[in-house]
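K.L.:
Quick one: this structure, given as structure tokens, is what I'll be asking you about.
The values are calculated or read from the model by the stated rules, or taken from the named source; none is laboratory data. Keep in mind it's a predicted model, so treat the numbers as computed, not measured. All Cβ positions, even for glycine, are placed from backbone atoms using ideal geometry, and neighbour counts span all protein chains on display. Ligands, DNA and RNA are stripped out before the accessible areas are found, and what is left, the full protein with its side chains, is counted by its heavy atoms. Shrake-Rupley method; radii C 1.70, N 1.55, O 1.52, S 1.80 Å.
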Amino acid sequence: MTAETDLWEGFEALDPQDITGPTWDEPVPIKARPALPPFPVHTLPAWLGNMVSGVAEETQTPVDLAGCLALAVLATAAGGRAKVCVRGQWREPVNLYTAIALDPGNRKSAVFDLMVRPLLAAEKTLIDLSGPVRAEAETTIRLAKSAADKAAQKAAGADPGEKDALTAEAVGLAQAVDEMSVPAVPQLVADDVTPENVGTLLVEQGGRISCLSAEGELFDIIAGRYTGKPNMGMFLKGHAGDMIRVNRQGREAQHIDAPAVTVGLAIQPEVLDSLSRIDGADGRGLLARFLYSKPLSLVGSRNLTPALLEEQTAATYTRQLAGLTLALAGWTDPAILTLSPEADAVILAYQKVTESRLGKDGSFAPIVKWASKRDGAVARIAGLLHLATHPEDGWHRPIDAATLAAATELGDYFTAHALDVFDAMSADPAHDAAYTVLTHLQTAATGIFSKRDLFRALPRSEFPAIADLDPALALLEEHGWIRQQPPPPRTGRGGRPPSPRYETHPRTTRSA
């Protein structure tokens with residue numbers, strides 16, 4: 001018989017009424033997080049929705065991953081090349097910031113490859129098409145520089161009577177050379193870039209660039225991995241389309257009047273929880289610019305022989321995406337997408353719902369900064385869905401009511417996920433662990449338990465060490481669901497101390 005057993009032998013024989021403490025107060029509920037809606041694939045045009053569903057099936061990943069990435073890919077193709085005119089001077093660019101949270105082992109890289117590879121193929125086509133243009137520019141500059149050098153030499157050896165005129169001619173030719181440039185090699189997508197790199201790319205790429213990654217390193221960079229301090233200004237302005245001044249080494253500062261940065265990331269859930277700790281990320285509005293998704297992982301329930309992505313589906317996706325990308329690539333002034341009267345009525349009704357929930361007692365109060373951008377995000381999504389529906393001539397058509405309604409459904413999807421993300425950011429980190437413990441106590445109808453026995457009954461994946469129970473037990477005790485019993489007197493016979501014992505509130509047999 002162990003020392004602990006001996007200590008508790010007589011104690012456990014007592015009637016619970018003799019050992020329970022004072023009357024229980026009403027416990028504070030510890031609720032499970034609400035189930036989040038799945039990505040509404042039916043809101044996408046058929047060629048895009050079929051690709052999203054096919055990729056999700058083959059990779060056995062939540063449809064949310066391919067769905068959110070599809071929106072980011074569309075925003076890459078059209079970002080900086082179109083704006084949605086909602087009403088009056090309210091115009092929304094069509095670039096987006098998306099962040100999907102999934103644990104490792106969810107085949108994020110495979111999904112990224114299938115969804116992004118056709119975009120990179122379109123980028124290669126743009127590079128090939130730009131080859132002759134760049135070659136012509138290089139030749140023109142070389143000839144102009146040769147002419148300027150010859151003019152300078154001629155002016156240097158000229159007679160005094162001709163020197164001034166020849167010098168002026170040489171200066172003019174030299175200035176013309178300085179104003180010439182070779183167009184940059186087209187680039188749609190960048191990865192693992194610093195804010196400074198983003199600024200340079202925006203200058204080179206006509207004011208737009210996209211950061212797509214199956215990792216969340218961009219947040220580390222924004223938080224100051226290379227500089228030691230947060231640097232988010234480029235991403236704040238790149239989302240809003242506010243003018244950016246870029247200083248490039250060896251050149252005069254350049255201004256980008258309407259920058260359009262797109263971000264599409266797949267990150268681990270704990271990265272979302274750490275975002276709020278980036279100095280200024282919340283106060284300056286960086287967190288409010290992202291469309292979040294927290295789908296349930298399929299790991300452990302995946303079909304090991306799924307249907308493979310159909311070649312025709314992939315080919316149609318590649319063709320349509322390339323067509324949209326190439327059609328808009330040459331635009332210098334963005335296409336203005338207007339709303340039909342019916343579509344305007346849809347978004348106005350949506351605005352009224354948003355506004356009614358923004359007050360301090362409204363359901364959007366916990367995410368007021370994010371929700372204040374909700375209607376603009378819906379307008380951006382509507383523009384992307386419209387262009388995806390009419391990739392050849394969408395800029396000549398108004399956005400219709402059905403497309404706007406589909407965008408509002410996506411807006412509701414992202415709202416539900418944003419509420420959960422921001423709640424998790426502000427919640428006690430022990431909340432989920434406490435709910436797991438409470439659920440076990442309810443299921444087992446446990447009246448009195450020891451910490452050691454509880455640890456043995458819970459999954460090691462959630463509680464690797466017995467000390468991992470401490471925050472959950474402390475929160476349950478704080479909320480009135482359990483209370484620790486006083487330890488029995490020590491006998492002085494040595495041995496390890498008995499495991500702490502707790503009694504549970506009588507309501508543990510009911511829902512928390």
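K.L.:
Applying the selection to the range 277-292, what residues are touching a residue at least 60 places away in the same chain (Cβ under 8 Å) and of a type in the set (A, V, I, L, M)?
P.N.:
Start the filter on the range 277-292 by keeping residues that are touching a residue at least 60 places away in the same chain (Cβ under 8 Å), which leaves 282, 285-292.
Scanning the range 277-292 gives Leu286, Leu287, Ala288, Leu291.
K.L.:
Still on this structure, please answer the following. Please go through the range 24-40 and pick out each residue that is small (Gly, Ala, Ser) and open to solvent by less than 70 Å² (accessible area, probe 1.4 Å). Quick ask: steps written out before the conclusion?
P.N.:
First pass over the range 24-40, keeping only residues small (Gly, Ala, Ser): 32, 35.
The answer is Ala32, and nothing else.
K.L.:
Right, next: Going residue by residue through the range 82-92, is there one that turns out to be modelled with pLDDT of 95 or more, under 17 Å from Leu328 (Cβ atoms) and of a type in the set (Gly, Ala, Ser)?
P.N.:
Yes, that holds for at least one residue.
K.L.:
Related question: Give Ala345, Ala365 a once-over and let me know the one that is under 23 Å from the mean Cα position of the chain (by Cα) and small (Gly, Ala, Ser).
P.N.:
Values: Ala345 fails: under 23 Å from the mean Cα position of the chain (by Cα).
After ruling out the rest, the residue left standing is Ala365.
K.L.:
Which condition number does Arg245 fail, the rest of (1) open to solvent by 80 Å² or more (accessible area, probe 1.4 Å); (2) within 30 Å of Met51 (Cβ to Cβ) being met?
P.N.:
For Arg245, the exception is condition (2).
K.L.:
Which of the residues belonging to the range 312-348 are under 14 Å from Arg117 (Cβ atoms) and free of Cβ contacts under 8 Å to residues at least 40 places away in the same chain?
P.N.:
Passing the criteria: Ala315, Arg319.
K.L.:
Go through the range 318-344 residue by residue and tally those that are open to solvent by less than 50 Å² (accessible area, probe 1.4 Å), more than 21 Å from Ile209 (Cα to Cα) and not hydrophobic (A, V, I, L, M, F, W, C).
P.N.:
The qualifying residues number 2.
K.L.:
Let me ask something else. What residue, of His417, His440, is in a helix (DSSP H, G or I) and out of contact with any helix residue (DSSP H, G or I) (no Cβ under 8 Å at 6 or more places or on another chain)?
P.N.:
Selected residue: His417, the only one of His417, His440 that is in a helix (DSSP H, G or I) and out of contact with any helix residue (DSSP H, G or I) (no Cβ under 8 Å at 6 or more places or on another chain).
K.L.:
Looking at the range 456-477 only, could you name the residues that are assigned to a helix (DSSP H, G or I) and among the basic types (Lys, Arg)? Reasoning before the result, please.
P.N.:
Narrowing the range 456-477 to residues assigned to a helix (DSSP H, G or I): 456-457, 466-477.
If the condition is that a residue be assigned to a helix (DSSP H, G or I) and among the basic types (Lys, Arg), then Arg456 is the only one that fits.
K.L.:
Another question, then. Just checking, which of Ala402, Ala434 is in a helix (DSSP H, G or I) and open to solvent by 30 Å² or more (accessible area, probe 1.4 Å)? Explain how you work it out, then say what you get.
P.N.:
On the way: Ala434 fails: open to solvent by 30 Å² or more (accessible area, probe 1.4 Å).
Every option except Ala402 fails the conditions.
K.L.:
Find the helices (runs of 4 or more DSSP H) located wholly in the range 153-262 whose residues include 3 or more that are modelled with pLDDT under 85, and list them. Lay out the reasoning, then the answer.
P.N.:
On the way: elements: 160-179, 195-204, 217-223, 233-240.
So the answer is 160-179, 217-223.
K.L.:
Suppose we filter Ala388, Ala379, Ala407, Ala371 for residues that are buried (at least 21 other Cβ atoms within 10 Å of the Cβ), touching a residue at least 40 places away in the same chain (Cβ under 8 Å) and touching a strand residue (DSSP E or B) at 6+ places or on another chain (Cβ under 8 Å); which single one remains?
P.N.:
Numbers: Ala388 fails: touching a strand residue (DSSP E or B) at 6+ places or on another chain (Cβ under 8 Å); Ala407 fails: touching a strand residue (DSSP E or B) at 6+ places or on another chain (Cβ under 8 Å); Ala371 fails: touching a strand residue (DSSP E or B) at 6+ places or on another chain (Cβ under 8 Å).
Of the residues listed, the single one that is buried (at least 21 other Cβ atoms within 10 Å of the Cβ), touching a residue at least 40 places away in the same chain (Cβ under 8 Å) and touching a strand residue (DSSP E or B) at 6+ places or on another chain (Cβ under 8 Å) is Ala379.
K.L.:
I need the full set of residues from the range 353-368 which are open to solvent by 10 Å² or more (accessible area, probe 1.4 Å), β-branched (Val, Ile, Thr) and closer than 17 Å to His417 by Cβ, in order please. Talk me through it step by step, then tell me what you get.
P.N.:
Taking the range 353-368 as the starting set, the residues that turn out to be open to solvent by 10 Å² or more (accessible area, probe 1.4 Å) are 353, 355-363, 365-366, 368.
Restricting the remaining residues to those that are β-branched (Val, Ile, Thr) gives 353, 368.
Selection gives Val368 alone.
Residue by residue, here is whether (1) in contact with a Gly (Cβ under 9 Å, 6 or more places away or on another chain); (2) crowded, with 20+ Cβ neighbours inside 10 Å; (3) hydrophobic (A, V, I, L, M, F, W, C); (4) in a helix (DSSP H, G or I) holds:
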site	(1), (2), (3), (4)
Val86	yes, yes, yes, no
Gly105	no, no, no, no
Ala110	no, no, yes, yes
Pro132	no, no, no, yes
Glu136	no, no, no, yes
Ile141	no, no, yes, yes
Ala144	no, no, yes, yes
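K.L.:
What residue, of Thr125, Thr139, Thr167, is touching a Leu at 6+ places or on another chain (Cβ under 9 Å) and of a type in the set (Ser, Thr, Tyr)?
P.N.:
Numbers: Thr139 fails: touching a Leu at 6+ places or on another chain (Cβ under 9 Å); Thr167 fails: touching a Leu at 6+ places or on another chain (Cβ under 9 Å).
Going through Thr125, Thr139, Thr167 in turn, the sole match is Thr125.
K.L.:
Hey, does the range 95-102 have a residue that's assigned to a strand (DSSP E or B), open to solvent by less than 20 Å² (accessible area, probe 1.4 Å), among the small types (Gly, Ala, Ser) and in contact with a Lys or Arg (Cβ under 9 Å, 6 or more places away or on another chain)?
P.N.:
yes
K.L.:
So is Ala424 open to solvent by 10 Å² or more (accessible area, probe 1.4 Å) and either assigned to a helix (DSSP H, G or I) or under 30 Å from Pro40 (Cβ atoms) (or both) or not? Give the steps one after another, and end with the answer.
P.N.:
Working: open to solvent by 10 Å² or more (accessible area, probe 1.4 Å): yes; either assigned to a helix (DSSP H, G or I) or under 30 Å from Pro40 (Cβ atoms) (or both): yes.
It is true that Ala424 is open to solvent by 10 Å² or more (accessible area, probe 1.4 Å) and either assigned to a helix (DSSP H, G or I) or under 30 Å from Pro40 (Cβ atoms) (or both).
K.L.:
What number of residues within the range 41-81 are buried (at least 24 other Cβ atoms within 10 Å of the Cβ) and at positive phi?
P.N.:
Qualifying residue count, the range 41-81: 1.
K.L.:
Scan the range 476-512 for residues that are over 17 Å from Asp453 (Cβ atoms) and modelled with pLDDT under 85 and jot them down.
P.N.:
Pro489, Arg490, Thr491, Gly492, Arg493, Gly494, Gly495, Arg507, Thr509, Arg510, Ser511, Ala512 - these are the residues of the range 476-512 that are over 17 Å from Asp453 (Cβ atoms) and modelled with pLDDT under 85.
K.L.:
Additional query: Examine the range 281-301 for a residue that is modelled with pLDDT under 95, open to solvent by 50 Å² or more (accessible area, probe 1.4 Å) and in contact with a Lys or Arg (Cβ under 6 Å, 6 or more places away or on another chain), and state whether such a residue exists.
P.N.:
Checking the range 281-301: not a single residue is modelled with pLDDT under 95, open to solvent by 50 Å² or more (accessible area, probe 1.4 Å) and in contact with a Lys or Arg (Cβ under 6 Å, 6 or more places away or on another chain).
K.L.:
Separate question: Do we find a residue being free of Cβ contacts under 8 Å to residues at least 12 places away in the same chain and either loosely packed, with under 14 Cβ neighbours inside 10 Å or part of a loop (DSSP other than H, G, I, E, B) (or both) anywhere in the range 446-455? Spell out the reasoning first.
P.N.:
Filtering the range 446-455 down to residues free of Cβ contacts under 8 Å to residues at least 12 places away in the same chain leaves none.
No: zero hits.
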